[in-house]
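First up is the structure itself, then whatever we jot down about it.
A short reminder: the numbers here are calculations on the coordinates, not readings from a lab. Just so it is clear, the model here is predicted, and its values are computed rather than measured. Cβ coordinates were reconstructed from backbone atoms using ideal geometry, including for glycine residues, and neighbour counts include every protein chain displayed.
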Amino acid sequence: MREFGHIYLSWRRGPGHRRFIVGVIKSSATGGTTFSYRSKEIELAKAQGFSAYTEFPELDKIYTENVLEVFGQRIIKSERQDISAFLDFWEIDYKYKEEKLYLLAHTMGLVPTDNFELLADFHPVKNLCFITDLAAVSHLKLSTDLLTIEDELRFEKEPENDYDKYAVKIFRGEHQIGYVKKVHSKIFYSKRSEKLKLQVKALEKNGTIKKIFIKIYF
């Protein structure tokens, strides 16, 4: 089994707003890599001010050319001096430094200049490890002394959630600290989910905890 399946394009208006899964990147050995939008989510996102990804302006088209090249611009270049620190943060083996699809899946293609991110549908394979940041952290106004790096965390599934049938709440002891992002949360509904381990990877603070990166692994 591959480590991940499709990679989904997520968009939100800004911090604290709902995420919409507006597109999907599909890759296969025979069909190459394609990108297309998801019409139902697009309609919902439009009400929040969504506009198409600049290089993919047509909402009803399946793009078959330059998909990885375009989205790959969201990854730092492998020749940069800080590439080792980048790979270390995301816990990516150096052998993958030129693998754009793998890097997009494991780094979410995060950039500070837009409200898009890429969320991979990870599979419960042996030795899986990925980093993600939690959703809904800003709403909880968590004290800066609540968490430290490498704290062990626990999860509770919330399938009755109105916004995500794969919703997963994350706790430090009895304190809820956020939700796993859409798409990333699906692995917690797999047959091996009870073996998943969670640990605080990094924190961003400013009066309260603003962002929590966690490591999810077997």
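Taking the Cβ of residue 214 as the center, what net charge do the other residues with Cβ under 9 Å away carry, scoring Lys and Arg +1 and Asp and Glu -1?
+1
Can you list which of the trypsin sites (Lys or Arg not before Pro) found in the stretch 39-117 are DSSP loop residues with at most 16 other C-beta atoms within 10 Å? Spell out each step's value before the answer.
Details: sites: 40, 46, 61, 74, 77, 80, 95, 97, 100; in loops: 61, 77, 80, 97.
Counting only loop positions with at most 16 other Cβ atoms within 10 Å, the trypsin sites (Lys or Arg not before Pro) in the stretch 39-117 are 61, 77, 80.
Computed over the Cα atoms, what is the radius of gyration of the stretch 121-212 divided by 2.2 N^0.38 Å, N being its residue count?
Values: Rg = 13.0 Å, N = 92, 2.2 N^0.38 = 12.3 Å.
Cα Rg divided by the expected 2.2 N^0.38 Å: 1.06.
Once R0 is set to 35 Å, what does the formula 1/(1 + (r/R0)^6) return for the Cβ-Cβ distance between residue 125 and residue 175, expressed as a FRET efficiency to the nearest 0.05? It would help to have the intermediate numbers written out before the result.
Values: r = 31 Å, r/R0 = 0.88.
Step by step, r from the Cβ atoms, then E = 0.70.
Averaging sequence separations of C-alpha pairs under 8 Å and six or more residues apart, then dividing by the length of the chain, give the relative contact order as a whole percent.
That works out to 19 percent.
Hey, what D do you get for the stretch 72-187 in µm²/s if you plug the Kirkwood alpha-carbon radius into Stokes-Einstein at 4 °C and 1.567 mPa s?
81
If you average the sequence gap of Cα pairs under 8 Å that are 6 or more apart and divide by the length of the stretch 104-168, what percent do you get for the contact order?
Once normalised by length, the contact order is 18 percent.
Starting from the coordinates of the alpha-carbon atoms of the chain, obtain the Kirkwood hydrodynamic radius over all distinct pairs and give the value in Å to one decimal.
About 18.2 Å for the chain.
Suppose R0 equals 22 Å; then what is the FRET efficiency for residue 93 and residue 64 from their Cβ-Cβ distance, rounded to the nearest 0.05?
Using R0 = 22 Å, I get an efficiency of 0.15.
Rounded to the nearest whole Å³, what is the per residue volume of the convex hull around the Cα atoms of the stretch 1-65?
Details: hull volume 6.9 nm³, N = 65.
Spelled out: Cα convex hull of the stretch 1-65, divided by residues, is 106 Å³.
Hand me the GluC sites (Glu not before Pro) from the stretch 1-104 located in a DSSP loop with no more than 11 other Cβ atoms within 10 Å, in residue order please.
Filter output for the stretch 1-104: 58, 65, 79, 98.
Please work out how much length the chain gains when fully extended from residue 189 to residue 113, using 0.36 nm per residue of separation minus the C-alpha to C-alpha distance, in nm with one decimal.
Numbers: separation 76, 0.36 × 76 = 27.36 nm, distance 3.27 nm.
Result for the pair: 24.1 nm of gain on full extension.
What number, rounded to the nearest 500 deg cm²/dmol, is the helix-based mean residue ellipticity at 222 nm of the chain, given -39500 (n - 2.57) per DSSP H run of at least four residues and division by all its residues? Before the final figure, lay out each step's value.
Details: 5 runs with 32 residues, N = 218.
One gets -3500 deg cm²/dmol as the mean residue ellipticity at 222 nm.
Within the stretch 110-218, list the trypsin sites (Lys or Arg not before Pro) lying in a DSSP loop whose Cβ has at most 15 other Cβ atoms in a 10 Å radius.
Here the sparse-neighbourhood loop sites are 126, 141, 165, 191, 192.
Considering the chain as a Gaussian network with a 10 Å cut-off on Cα pairs, which listed residue, 149, 75, 177, attains the greatest mean-square fluctuation?
149
Which residue, 27, 185, 143, tops the fluctuation ranking in a GNM of the chain built on C-alpha contacts under 10 Å?
Comparing 27, 185, 143 in a Gaussian network model of the chain, the most mobile one is 143.
In the structure shown, do any of 100/141; 126/182; 40/77 have a Cα-Cα gap over 32 Å, and if so which?
100/141; 40/77, as the Cα separations exceed 32 Å there.
Given C-alpha coordinates of the stretch 38-108, what is the ratio Rg to Rh with the Kirkwood estimate of Rh? Before the final figure, lay out each step's value.
Values: Rg = 15.4 Å, Rh = 14.3 Å.
With Rh from the inverse mean 1/r over Cα pairs, Rg/Rh is 1.08.
Could you please state, rounded to a whole Å, how far the C-alpha centre of the stretch 156-218 is from the C-alpha centre of the stretch 68-114?
The stretch 156-218 and the stretch 68-114 have Cα centres spaced 23 Å from each other.
If the elastic network links every pair of Cα atoms under 10 Å, which of 35, 122, 50 fluctuates the most in the Gaussian network model of the chain?
Of 35, 122, 50, the Gaussian network model singles out 50 as fluctuating most.
Based on the Kirkwood radius over alpha-carbon pairs, what is the Stokes-Einstein translational diffusion coefficient of the stretch 163-218 at 25 °C with 0.890 mPa s viscosity, in µm²/s?
198
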